[in-house]
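The values are calculated or read from the model by the stated rules, or taken from the named source; none is laboratory data. Only a predicted model underlies this, so the values are computations on that prediction, with no experimental measurement involved. Positions of Cβ are generated from backbone atoms using ideal geometry, with glycine treated the same way; all protein chains shown enter the neighbour counts. Heavy atoms of the whole protein, side chains included, go into the accessibility calculation; ligands, DNA and RNA do not. Shrake-Rupley method; radii C 1.70, N 1.55, O 1.52, S 1.80 Å.
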Amino acid sequence: MSRLSNGWKVPESLIDKRELMESYQKTVESMEAENPLTIFREHMDNGLLFKAGLQDAMNQLTTFANLYMSIIELKAEIEKQTKDNVT
């Protein structure tokens, strides 16, 4: 069984793949409103240490990127499985 960019296993069933992709898409859409620069600035304004504020902003960006790539990978898996089921 292969893994997605975010480390999760690729589900076996087509239904599970679609559900996981939809869940990731909702998460990514909500994250798009959260700018990592804003997160960093808010942390600095609230007195967090530079390194902690920077780490939180980088974590947000890394999570977004991993989920985004996982969506692309799931789309490819869904297309492949759908094509295999048709033929």
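If I fit a long axis through the Cα atoms of helix 14-32 and take the longest principal axis of the Cα atoms of the chain, what angle between them do I get, 0 to 90°, rounded to 10? That helix lies at roughly 20 degrees to the long axis.
Entry note, the chain: the mean residue ellipticity at 222 nm calculated from DSSP H runs of n ≥ 4, each adding -39500 (n - 2.57), is -26500 deg cm²/dmol after division by the residues and rounding to the nearest 500.
In the assembled protein chains, R3 presents an accessible area of approximately 140 Å² (probe radius 1.4 Å). Per residue, the average separation of C-alpha pairs within less than 8 Å and at least 6 apart gives segment 1-71 a relative contact order of 45 percent. Would you please name the GluC sites (Glu not before Pro) within segment 2-87 that are DSSP coil residues with at most 15 other C-beta atoms within 10 Å of their C-beta? Within segment 2-87, the qualifying GluC sites (Glu not before Pro) (loop, at most 15 other Cβ atoms within 10 Å) are E12, E34. For segment 37-50, putting each phi into the Karplus relation 6.51 cos²θ - 1.76 cosθ + 1.60 with θ = phi - 60° gives couplings of 5, 5, 4, 4, 4, 4, 5, 5, 5, 8, x, 5, 5, 3 Hz, in residue order, rounded to whole numbers and with x for Gly and Pro. So if we plug the beta-carbon distance of S2 and E34 into 1/(1 + (r/R0)^6) with R0 = 22 Å, what FRET efficiency do we get, rounded to 0.05? Between S2 and E34 the formula returns 0.15.
Checking the cross-link pairs K9/K51; K51/K75; K9/K83 against a 30 Å limit on the alpha carbon distance flags K9/K51; K51/K75 as lying beyond it. Charge tally for I71 (other residues, Cβ to Cβ under 14 Å; Lys, Arg +1; Asp, Glu -1): -3.
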